[in-house]
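Peer 1: Quick one: the structure is below, and I'll ask about it shortly.
The values are calculated or read from the model by the stated rules, or taken from the named source; none is laboratory data. What you are looking at is a predicted structure, and each value in this text was computed from that prediction instead of being measured. Note that we place each Cβ from the backbone using ideal geometry, even for glycine, and neighbour counts take in every protein chain shown. Just so you know, the surface numbers come from the protein's heavy atoms only, side chains and all, with ligands and any DNA or RNA stripped out. Shrake-Rupley method; radii C 1.70, N 1.55, O 1.52, S 1.80 Å.
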Amino acid sequence: MKIDRLFVFDNNVLVSAFFFKNSNPRRALDLALSLGRILRSEETLEELWEVLVRPKFDRYLPLSERIYLLRYFEQLTQHYSVTVSLDLCRDKKDDKFLNLAFSAKAECIISGDYDLLSLGEEFQIPILTPVQFIDLNS
């Protein structure tokens, strides 16, 4: 039986995971899905949709396949309603991942974004790179 562990993924990791099947972001995503649940909020999902429909990603996958991936991602993940509004990150657009993780009491955030990673122990929930997450859970 799968342990009910909760994870939050930054969208930069998800985009890499969707486009590069043999990448560390993809390995981290697959591992997290095997260990527990990946959480998303309305705000994080909205941003992911905005990013993945950009024409610059046409060279990786056609728009129809990206939309399919987004819908599949919605089915694989769990929506969580954010209950806090933190103001901790240098890049204010990244606070949505902190808010989601804190509200849900997630185990960690998986990110490749230096603005999030640089918070270190300032944030109560570990913020890990995909490689760190894989190393800790393999």
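Peer 1: Scan 48, 6, 69 and give me the residue that is at pLDDT below 95, surrounded by 14 or more Cβ atoms within 10 Å (Cβ to Cβ) and closer than 23 Å to residue 133 by Cα.
Peer 2: Just one listed residue meets the conditions, 69.
Peer 1: Sort through 72, 60, 68 and tell me the only one that's out of contact with any Asp or Glu (no Cβ under 8 Å at 6 or more places or on another chain), hydroxyl-bearing (Ser, Thr, Tyr) and not in a helix (DSSP H, G or I).
Peer 2: Exactly one of 72, 60, 68 is out of contact with any Asp or Glu (no Cβ under 8 Å at 6 or more places or on another chain), hydroxyl-bearing (Ser, Thr, Tyr) and not in a helix (DSSP H, G or I), namely 60.
Peer 1: Counting only residues that are among the charged types (D, E, K, R) and modelled with pLDDT of 95 or more, which one in the range 106-138 is nearest to residue 22 (Cα to Cα)?
Peer 2: In this case the residue turns out to be 135.
Peer 1: Here's another thing I want to ask about it. Among (1) over 15 Å from the mean Cα position of the chain (by Cα); (2) of a type outside the set (A, V, I, L, M, F, W, C); (3) at pLDDT 95 or above, which single condition is residue 80 missing?
Peer 2: Result: residue 80 fails condition (1) only.
Peer 1: Filter the range 6-39 down to the residues that are under 12 Å from the mean Cα position of the chain (by Cα), within 22 Å of residue 55 (Cα to Cα) and outside any helix (DSSP H, G or I) and list them by number.
Peer 2: 10
Peer 1: Within the range 72-105, track down each residue that is under 17 Å from residue 46 (Cβ atoms), in contact with a Ser or Thr (Cβ under 9 Å, 6 or more places away or on another chain) and open to solvent by 80 Å² or more (accessible area, probe 1.4 Å).
Peer 2: 79 - this is the single residue of the range 72-105 that is under 17 Å from residue 46 (Cβ atoms), in contact with a Ser or Thr (Cβ under 9 Å, 6 or more places away or on another chain) and open to solvent by 80 Å² or more (accessible area, probe 1.4 Å).
Peer 1: Residue pairs, Cβ under 7 Å, 6 or more apart or interchain, first in the range 36-62 and more than 26 Å from residue 4 (Cα to Cα), second among the aromatic types (Phe, Trp, Tyr). List them.
Peer 2: Pairs that qualify, where the first residue is more than 26 Å from residue 4 (Cα to Cα) and the partner is among the aromatic types (Phe, Trp, Tyr), are 60/19; 61/19.
Peer 1: Could you say whether any residue in the range 21-36 is in contact with a Leu (Cβ under 8 Å, 6 or more places away or on another chain), surrounded by fewer than 19 Cβ atoms within 10 Å (Cβ to Cβ) and under 19 Å from residue 136 (Cβ atoms)?
Peer 2: yes
Peer 1: Given the residues 54, 90, 71, which is the only one that is of a type in the set (Lys, Arg) and within 18 Å of residue 126 (Cα to Cα)?
Peer 2: From the options 54, 90, 71, the qualifying one is 90.
Peer 1: Among the numbered conditions (1) touching a residue at least 12 places away in the same chain (Cβ under 8 Å); (2) under 14 Å from the mean Cα position of the chain (by Cα), tell me where residue 103 comes up short.
Peer 2: (2)
Peer 1: Go through (1) out of contact with any helix residue (DSSP H, G or I) (no Cβ under 6 Å at 6 or more places or on another chain); (2) more than 21 Å from residue 126 (Cα to Cα) one by one and return the number of the condition residue 32 breaks.
Peer 2: Going through the list (1) out of contact with any helix residue (DSSP H, G or I) (no Cβ under 6 Å at 6 or more places or on another chain); (2) more than 21 Å from residue 126 (Cα to Cα), residue 32 breaks only (2).
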